[in-house]
1. Kindly indicate whether A:L121 is touching a helix residue (DSSP H, G or I) at 6+ places or on another chain (Cβ under 8 Å), outside the structural domain of A:I286 (by TED's automatic domain parsing) and without any contact (Cβ under 8 Å) to a residue 60 or more places away in the chain.
2. Might you let me know whether region A:194-207 holds any residue that is in contact (Cβ under 8 Å) with a residue 24 or more places away in the chain, out of contact with any Phe, Trp or Tyr (no Cβ under 9 Å at 6 or more places or on another chain) and open to solvent by 10 Å² or more (accessible area, probe 1.4 Å)?
3. Being open to solvent by less than 50 Å² (accessible area, probe 1.4 Å) and not in a strand (DSSP E or B) is the filter; apply it to region B:68-78 and report the residue that is nearest to the other protein chains (Cβ to nearest Cβ).
4. Give the residues of region A:11-59 that are within 14 Å of chain B (Cβ to nearest Cβ) and among the hydroxyl-bearing types (S, T, Y), sorted by residue number.
5. Considering each residue of region A:319-335, count those that are within 25 Å of A:K377 (Cβ to Cβ) and open to solvent by 50 Å² or more (accessible area, probe 1.4 Å), and give that number.
6. Just wondering, is there one or more residues in region B:79-100 that are closer than 22 Å to B:D16 by Cβ, open to solvent by less than 70 Å² (accessible area, probe 1.4 Å), of a type in the set (S, T, N, Q) and not in a loop (DSSP other than H, G, I, E, B)?
7. So in region B:47-62, with the set limited to residues that are within 14 Å of chain A (Cβ to nearest Cβ) and open to solvent by less than 40 Å² (accessible area, probe 1.4 Å), which one is nearest to A:A342 (Cα to Cα)?
Amino acid sequence: MLARDDQDSLKKTPLHGLHVSLGGKMVPFAGYDMPVQYPAGVLKEHLHTRGQAGLFDVSHMGQIALRPKSGKVEDAARALERLVPQDIVAIAPGRQRYAQFTNADGGILDDLMVANFGDHLFLVVNAACKAEDEAHLRANLSDDCIIDSLADRALIALQGPKAESVLAKLCAEAPAMKFMDAGPHKVAGLDCFVSRSGYTGEDGFEISVPAGDAERLARTLLENPDVMPIGLGARDSLRLEGGLCLYGHDIDTETTPVEAALEWSVQKSRRTGGARAGGFPGAEKILAHFDHGASRRRVGLRTEGRAPVREGALLFADATSGEPIGKVTSGGFGPSLNAPVAMGYVPTASSAIDTKLFAEVRGQRLPLTVAAMPFVKNTYKR
Amino acid sequence: MTTTLYTSDHEWLAIDGDVATVGITDYAQSQLGDVVFVELPKVGRTLKKTEAAAVVESVKAASDVYAPVTGEVLENNAALAAEPALVNSDAQGAAWFFKIKIADKSELGGLMDEAAYKAHTA
């Protein structure tokens, strides 16, 4: 009885009924009842996404419109720059950029996508953080923007080498989109927001669709024999192989964007000497990390053997030393590599590619090598 | 003549005289999903009942396999270490984990027969 009560308190996405009818194994995730896998299993789902195309329900994520009170999108962009270290003003209409909300200590409150839809900004934030993110936006940007939570929309990701040809049948403009293009498009006649991006390292799209039309769109996409439904299990192994951070694990309030090896996401205009340097929470610390380096760094890790090294495993400089030098923040088995993969934080002095380290797993020290990420070459259509 | 018994932690034991062949049940493999790594106990190691004896890892998570009885490991399944996916395809056959010499047969008393195990997983 208790278990059922617990399950009832979980939120459901507009595709919940579809997951159940497809045989999804449902688990609690960020307050939602979500499919961790379907009958095919994590391994097949992962490989199908890399080989053909996978359909993911990411409706649990937060979709927020930032509408400038002035009517000028640049004013919304300038306002949002007070909360993120990214150049938002420079995002051209129809384009999207990866960003982070930072805190006063330079840590990361959440990571997000920001798109310029011409007259407003469209944000996609993590499910577990969306309430806090929205409150943060309201507390800081309400003078300049209307913060419009788009709770009546679902979000479907279509990822993999066949994503373009599959979506082209329902959205003629899709093939012309380039990586990180984003904007309103008709998909199967429905009013959608489409971006060419994702969380797998593959080419693909994310499609925001009105909640009431989501199941029909998902079923239409699944009718294509190239498309298989993919659960959270494979979503995690795909993003891990792609070297992509999972908020709350690889990045959190204790890690700066520089420590997290996300320097590429902070444009020069916001760094020391830039046109709009600083002016975001934690700028002092984050810019100091840019200017003088940080003492630790997120790195990719490969093992010699087949034993996966998982989140929480301590890292050591050698096979016998007593003090750990770092910790694994994500780790598991990479089905496309047919080998374990992990990422974690190590002292910057130990962060060079090919540095030999050890991880403690069940009382044994397993040899690891610092490796370049992504582990699997990404296939974005730039 | 072998008898198969089950633990509440989803191990099976095929008992032949004073030797038990141990693996995980088909129910357990279906819950774990695709198995990608198996770590087996060394031959000659003495295991205590309920001690972590082996590890089975799916893409997503690691799980312990417990010794269902006390005794010495006589053999481990090298074919399984080489091909962990056997756990998914033949959990209660080719994917046995290890053979153990049962030190105290009275420890078998608390284990389940097939009917009781079926009820346990129903």
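The values are calculated or read from the model by the stated rules, or taken from the named source; none is laboratory data. Keep in mind that this is a model prediction, so the values were computed, not measured. A quick note on method: Cβ atoms are made from the backbone with ideal geometry, for glycine too, and the neighbour counts reach across all protein chains shown. Note: areas computed on protein heavy atoms with side chains; ligands, DNA, RNA excluded. Shrake-Rupley method; radii C 1.70, N 1.55, O 1.52, S 1.80 Å.
1. So A:L121 passes the test.
2. No, region A:194-207 contains no residue that is in contact (Cβ under 8 Å) with a residue 24 or more places away in the chain, out of contact with any Phe, Trp or Tyr (no Cβ under 9 Å at 6 or more places or on another chain) and open to solvent by 10 Å² or more (accessible area, probe 1.4 Å).
3. B:N77
4. Of everything in region A:11-59, those that are within 14 Å of chain B (Cβ to nearest Cβ) and among the hydroxyl-bearing types (S, T, Y) turn out to be A:Y38, A:T49.
5. Of the residues in region A:319-335, 0 are within 25 Å of A:K377 (Cβ to Cβ) and open to solvent by 50 Å² or more (accessible area, probe 1.4 Å).
6. No - not one qualifying residue is present in region B:79-100.
7. My answer is B:V59.
Condition check ((1) touching a helix residue (DSSP H, G or I) at 6+ places or on another chain (Cβ under 7 Å); (2) farther than 19 Å from A:E241 by Cα; (3) touching a residue at least 24 places away in the same chain (Cβ under 8 Å)) across all residues:
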| residue | (1), (2), (3) |
| --- | --- |
| A:A317 | yes, yes, yes |
| A:S321 | no, yes, no |
| A:P324 | no, yes, yes |
| A:V328 | no, no, yes |
| A:S336 | yes, no, yes |
| A:A339 | no, no, yes |
| A:A342 | no, no, yes |
| A:Y345 | no, no, yes |
| A:R362 | no, yes, no |
